[in-house]
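Read-outs throughout are calculated quantities, based only on the coordinates presented, and are distinct from any laboratory measurement. Fair warning: this is a prediction, and the values are worked out from it, not measured in the lab. Here the Cβ positions follow ideal geometry from the backbone for every residue, glycine too, while neighbour counts run over all protein chains shown.
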Amino acid sequence: MKRSSKDVGTGAATRPVAPKLRKLMVPWEESGPEHEPLFVNHFQILRDGTDVYIDAGLVPIDDIFTTPPETGEPPRFFVLQRLAMSANTFADFYRSATEVFKKLAKEDQHSA
């Protein structure tokens, strides 16, 4: 199969559709993600070569609303989890996130 330049880095030529997976929750020390999902309100995406990292965590709301700007102190970002993946996996993540975003936008239009 010949790859076009638009497919480079997307994995589109080798993985046209995300495979069906059986999700297994890995328990934490006292509970598991199916009962207590990790809530985040902020994330940062970083790239190092062909690897992509997503830092997911919390920015305390109090830091945003109560820290005076004149102090020069930025709000804190508590990284609760760092995900590392290949560029192909990140492209799959992007496609999945885009589909969810489109569905949310469509629902918002219908409820307005």
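Our estimate of slack between Ser86 and Val100, defined as 0.36 nm per intervening residue step minus the Cα-Cα distance, is 2.9 nm. For the stretch 36-103, the equivalent ellipsoid derived from the alpha-carbon gyration tensor has semi-axes of 28, 15, 11 Å in decreasing order. Within the shell of other residues whose beta carbon sits under 13 angstrom from the beta carbon of Phe101, the net charge comes to +1, with Lys and Arg scored +1 and Asp and Glu -1.
The residues Asp62, Asp51, Asp92, when put in order of fewest to most other Cβ atoms within 10 Å, stand as Asp62, Asp51, Asp92.
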